[in-house]
Every structure is written in structure tokens, then in C-alpha cells.
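One structure is given below, encoded as C-alpha cells.
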Amino acid sequence: MCIRDSINAEYGRKTAKLMATFGDDQLYYGSIPVHLTPVPGKTVPYQHADWEPLTGEEAVSLVVSRADPVGPESDIVVPAIPALDYALKAGAEAEGALEDWPEYMRTPLLKVPEPVEGEPLAFASGVRSNTFKLGDKWYRLKGSGNNDEGFIIKEETFKRDGGDQYTRTIRGSAWMHTAIRENAMTARLAAAMEPLGILGGNISMGAYEYGPPNQPFGPEDSVPACIVEGTRGDRRLGTHVFAGLEILMDRLLDTEAVGVEELAKKFPEVRRHENPREGECPVVSTAAFMSDHMLGVEYAACGVMEPGTNGLSWNVPRDKSTILDGTTLELPLRWVDPQDFPKQWTNQGSRDMSPEWKQLWSTTVEEYNALAGLPEGEGGTGSALVYLYNRIGNDCGRIIRAMHDDRVSWGTYQDTLCFDGQWHCNAHANNVMILDEQSAPPDMFLGYLDLDMAFDDQSFVSVYGKNAPKGTVGIPAAEHDVLLRREHVNFMEVLAGGDTTSGVPQVAKEQVGKQPVACELTKAVLYDALVLGYLNAYERDETMALAPVDEKQHRLARLLIKMAIMVMADFVA
């Protein structure tokens, strides 16, 4: 059995031995323990003023060369980021900054199967990364091994240029060029965005480059590296919050008290189905409406449709005339039983809630019931759910608006795997995360992360020759504007539920699908509120509804986030 298949059960047993109850550490930074050991290699601290992009012909040629497999047999794949590499400026010495690091971190660290004496509290973050705590500070290692197997080799054969192409790729690592890029873009955006009250999920520190015996292809080709950062949280908006809320919806919402017909009438006419079938939601979902918008914008950008096209089935603006403003709605809510523990979802399916989570679940639910004014065994009304989705949308709009104002793309580009009109887009719901309660500004819940594919219009390199000859450095401003617009629309579509890769896992979709129509209709209210909050920030359009920050509603929203995370805590994204 592979480690990913057994990770939850095995680490669940280890966790039970470590502690009796979970708290904020596990809630925000992880709940699947991992173990770290020092290994040979090199540590490279990152100080932003000491690094610069390499623009020379040889450096650009190296960037372009990664489009094809490397190595003696031309079969080793390394990430080909379409942007200039970074290097230390002449006279700069990175090693001097190492004295500012905690001593434990000054030697490269790698995940291993067994406990190590003196190791810190550490948790898995996906498959190749982890978080850990030293004193009262948290850190992230991105590329610290494939689960606890070290660096493994993935072999694949695929069709290329009319023949079979055999390739090998290291799994579980970063690479030095991606590690320094993430540090550089994290530091750059922090300088631009922190004065605006927008925090990144991570804080630049540097990188590890692993030495033997952790170099599967030797010291010349695809040498494993690890991105080293401070961090402010780990739980993701898509996998942990959106998925958890969808699963909990019929527990939170008094579905019998939802007046489906009356609520449907509140939606703009263009969104209402004329003759909905029995059991069918009477309105077009936000996900379908925004996916249609994304296609219209994409086809217009490609010249297939007229400029300004807003959709295929619904060629109408996406604004307050077609999206419901639910920010003033009071939804019927259930009293949530603090002792009725929901199932938790893992990659293998659902299981009973682990004992370690039950006390935190109960205390969180008790606070929620009291603050929401929901008497035991009775229902009530409230706007906390709408507030949460609306403010989350606004957080996301603020984040990507500030990125785009700085001319930075999160990582939207085409490579050889993209067919005509298809793009990779790194702006999605799992690249925003929940800031812990000590870090979060009073008006935000979310931070941004995963910037190893980010670039701007000056540092872009045409690696694949898709829109400019290979090796071209830079993008004309007008073309970059189109790319940023594409990224914005794709991000909005994903947030509205149009992307199933980072929301409710396949193992839970059947349960969500069994929820009554009242839940589906209410979700349209919530995701519409999210889109309006997003557009309020991204378009800087105050006519798009935004619920003002309210201390009580903000606390209720935080409690809902905590409940959602607990349901999805051990799902490995």
C-alpha cells in the first residue's frame, strides 16, 4: 500500500499518542504529523535586495532549454517556468544572513518515517511539503520529500512529435530556480501589498539544495531543492473551507424553513429557470453562470467571438443586474448540536470524527450557537453565512487586484501540454489560505501563496514559442493586460464553484448531491455574494455589494471557517 493511501490511518494513530485534544495549532497548521531530520546539503538564505533577474543570453538559453527533457538521455523533466532566473548580485554573500535563522533550520531538513529526538511539532502540507513550529513561530518547507519517502522518481511515457517520449521526474522536491523565484515574488509582493493591509501566507527566508544521497539524478541534473519560508497558516480555501462548508450546509441551514419559491424570485430574471423540473434548483447556479462568462471572455480574447462578449448562453454583464445581492438577507439557521459530531473526510472517504477533534468541535459550536442567538433545539435567522462568502470574495479580489496593479501574474501561461486556447492558471482556490487568528488583519481572513510560477511583463520568457519566438524576454503591455484579465476571470470562475479540482472531493460529492434543493438554492445566494464582493475589490466598483466589517458577523464567520476546517482537516490536497 502506498503512503498516500494509508497516511490518514497511520498518522491518526501516531497523533492519538501525541496529544489528547487538538487546538489552534492543528486547526490552522495541520493535523497529520511528520518527522524531520537534518541531511547533507547547502542552505541559501534569501534577502531580497541581494538578488536580481539574470538577463544575459546564456541565462535566457538555460530557461528556454527546460522546455525539453534534460540529462544524458534527454529524459529528465524539470519545471520550465516562463520567466527569468534569479542570481545573487555581484559582491553579495547569501551565507551572511544565515545567522538570523533558528539554529535548527540552518542545515537542510527532510521528512522521514520515524520520530527524531528533539524534533519540533510538524505537520504534512499536501504531499511534498510540511509546516513546523519553533517557539511561537511557524515555518514551511515546500519540497521536503514525497510524503516520508524522500525524493522518488516518476516514470511516464507519452506521445510527442509523433512518437513515444519516455520521461523521468523527481517527485517531492522543488528546484533552486523555482525556490528562489518563490522567495523573490513573495518578498516583492509583500513590499507592495502589506502597506495595503494584505498579507501573504508565507514570508521569504531562502532555500535548501540537497546533497548526496538525496540526488536521484546526481549533482548535475534536476538537483532537489526546498523552499524555506515563515508561514501564517496552511488550511486552503478550496479543499478545507469551501468543501467543509458545502458538506455542512444542511447541518447549518434550516432547509425546511427556506421558502424556495420566494427566494428564487429574488434572483434577476435572467438567472431563473422558466419551468424547473421537480427537484431541480429553480435558478442557474453561480458556477454555471460564471463558467459561461469565462468561456465568453476566453473566446473573445482568442478572436473567436466579438470583443466584449460576456458569455455564450448568457451574453450579459456579470454585475448587480445579473447577480443577486444577498448581503442583507437573513437565512433560516438550525441550532447545531455540539455533541452531534459530523463525519470527517479524507482521501479514502468519510470516517467518524477523531476523538482529538471533538472538544474543539463542541466548544466552537457552542460559541457559534450562543453568538448567533440560536436557542437549544430551536432555529433562528442570521446573515453570517452570506457575510462570510461576501468577505471571502472581497479578500480574493483585493489580493489579485493588488498583484495585477504590480503587473504580476500568479502564473498563467501556455506550455506544450496546452491545446490551442488552453492555459495553465495558478490563480485558484487552493492558492489562498486561512490566516491564523493572530496574523489576520481585522478585515480579512485570507492570505495568498504559491508564487513559484509568478512573473511580470518584464521578466516573462517565451519558453514554448506560443505567442512570441522562443527566448523572447518580456511581453508587450497590452498583451500582458489581456493575460491578467484572463487570469482574473479564471480566478473568479474557480471561486464561484466552477472548478471541481479544489473544492468538494469526489468522495464527498454523493453526500452533497443528496442535499435538498433549498441547500442548492442557498449556495447560489452565497456564491453570488462572493462574486459581488470579489468584483467590488477587483473592479474597484462600490456598486457591487460589500457587507461592512462587523465584529459579531466576523466572529461568526471565523467560527464557521473553523467548523469547515475540522470536517476536512485530514484531506491531503
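The values are calculated or read from the model by the stated rules, or taken from the named source; none is laboratory data. Everything numeric here is computed off the predicted structure, so don't read it as measured data. Reconstructed Cβ throughout: ideal geometry from the backbone, glycine too, with neighbour counts over all protein chains shown. The protein model used for the area step is the full one, side chains on, heavy atoms only, and it has no ligands, DNA or RNA in it. Shrake-Rupley method; radii C 1.70, N 1.55, O 1.52, S 1.80 Å.
Observations on the structure shown:
- Any hit, the range 197-215, residues being at pLDDT 95 or above, outside any strand (DSSP E or B), open to solvent by less than 20 Å² (accessible area, probe 1.4 Å) and touching a Leu at 6+ places or on another chain (Cβ under 9 Å): yes
- For the range 538-553, a residue qualifies if it is assigned to a loop (DSSP other than H, G, I, E, B) and either more than 30 Å from Glu367 (Cα to Cα) or at pLDDT below 95 (or both), and the qualifying residues are Glu539, Arg540, Asp541, Glu542, Thr543, Met544.
- Selection within the range 273-289: residues that are of a type outside the set (Asp, Glu) and surrounded by fewer than 10 Cβ atoms within 10 Å (Cβ to Cβ). The member of this set that is farthest from Cys519 (Cα to Cα) is Asn275.
- Some residue of the range 493-508 being of a type in the set (Asp, Glu) and part of a loop (DSSP other than H, G, I, E, B): yes
- Being out of contact with any helix residue (DSSP H, G or I) (no Cβ under 7 Å at 6 or more places or on another chain), under 22 Å from Asp541 (Cβ atoms), of a type in the set (Asp, Glu) and open to solvent by 50 Å² or more (accessible area, probe 1.4 Å) is true of Asp481.
- Qualifying residue in the range 328-346 (condition: farther than 29 Å from Ala257 by Cβ, touching a His at 6+ places or on another chain (Cβ under 6 Å), in contact (Cβ under 8 Å) with a residue 24 or more places away in the chain and open to solvent by less than 70 Å² (accessible area, probe 1.4 Å)): no
- Residue list for the range 415-445, restricted to those being closer than 18 Å to Pro79 by Cα, of a type in the set (S, T, N, Q) and either open to solvent by 30 Å² or more (accessible area, probe 1.4 Å) or at pLDDT 95 or above (or both): Thr416
- Put simply, of Ala557, Ala529 the only residue that is buried (at least 24 other Cβ atoms within 10 Å of the Cβ), touching a helix residue (DSSP H, G or I) at 6+ places or on another chain (Cβ under 6 Å) and under 24 Å from Tyr368 (Cβ atoms) is Ala529.
- For the range 171-201, a tally of residues being hydrophobic (A, V, I, L, M, F, W, C) and closer than 16 Å to Gly126 by Cα returns 1.
- Residue within the range 479-489 that is modelled with pLDDT under 95 and more than 17 Å from Arg401 (Cα to Cα) present: yes
- For Thr255, the requirement of being touching a residue at least 60 places away in the same chain (Cβ under 8 Å), in contact with a helix residue (DSSP H, G or I) (Cβ under 6 Å, 6 or more places away or on another chain) and either under 27 Å from Met433 (Cβ atoms) or open to solvent by 60 Å² or more (accessible area, probe 1.4 Å) (or both) is not met.
- Extreme residue, farthest from Ile561 (Cα to Cα), among residues of the range 438-449 that are in contact with a helix residue (DSSP H, G or I) (Cβ under 7 Å, 6 or more places away or on another chain) and in a loop (DSSP other than H, G, I, E, B): Leu449
- Within the range 365-410, the set of residues being among the acidic types (Asp, Glu) and farther than 30 Å from Gly474 by Cα comprises Glu366, Glu367, Glu376, Glu378.
- Some residue of the range 219-227 being of a type in the set (Val, Ile, Thr), out of contact with any helix residue (DSSP H, G or I) (no Cβ under 6 Å at 6 or more places or on another chain) and not in a loop (DSSP other than H, G, I, E, B): no
- Scanning the range 135-150 for residues that are open to solvent by 20 Å² or more (accessible area, probe 1.4 Å) and among the small types (Gly, Ala, Ser) turns up just one, Gly135.
- Meets criteria (assigned to a helix (DSSP H, G or I) and at pLDDT 95 or above) for Ala187: yes
- Hey, Thr309 hydroxyl-bearing (Ser, Thr, Tyr), open to solvent by less than 30 Å² (accessible area, probe 1.4 Å) and over 17 Å from Leu532 (Cβ atoms) or not: yes
- Some residue of the range 464-476 being touching a strand residue (DSSP E or B) at 6+ places or on another chain (Cβ under 8 Å), free of Cβ contacts under 8 Å to residues at least 12 places away in the same chain and in a loop (DSSP other than H, G, I, E, B): yes
- Test: Ala243 is within 30 Å of the chain's Cα centre (by Cα) and not in a strand (DSSP E or B): yes
- Residue that is on the phi < 0 side of the Ramachandran plot, part of a helix (DSSP H, G or I), at pLDDT 95 or above and under 25 Å from the mean Cα position of the chain (by Cα), where the choices are Met290, Met294: Met290
- Only strands (runs of 3 or more DSSP E) whose full extent lies in the range 1-120 are considered here, and the ones with at least 1 residues that are modelled with pLDDT of 95 or more, open to solvent by 20 Å² or more (accessible area, probe 1.4 Å) and of a type in the set (Lys, Arg) are 41-45.
- Among the residues of this structure, Thr169 counts as one that is out of contact with any Phe, Trp or Tyr (no Cβ under 9 Å at 6 or more places or on another chain) and among the hydroxyl-bearing types (Ser, Thr, Tyr).
- Considering residues of the range 449-469 that are farther than 18 Å from Arg181 by Cβ and surrounded by 15 or more Cβ atoms within 10 Å (Cβ to Cβ) only, the residue farthest from the chain's Cα centre (by Cα): Ala468
- Counting only residues that are among the hydroxyl-bearing types (Ser, Thr, Tyr), at pLDDT 95 or above and open to solvent by 30 Å² or more (accessible area, probe 1.4 Å), the range 151-184 holds 0 of them.
- Of all residues making up the range 37-64, the number that are in contact (Cβ under 8 Å) with a residue 60 or more places away in the chain and of a type outside the set (Lys, Arg): 17
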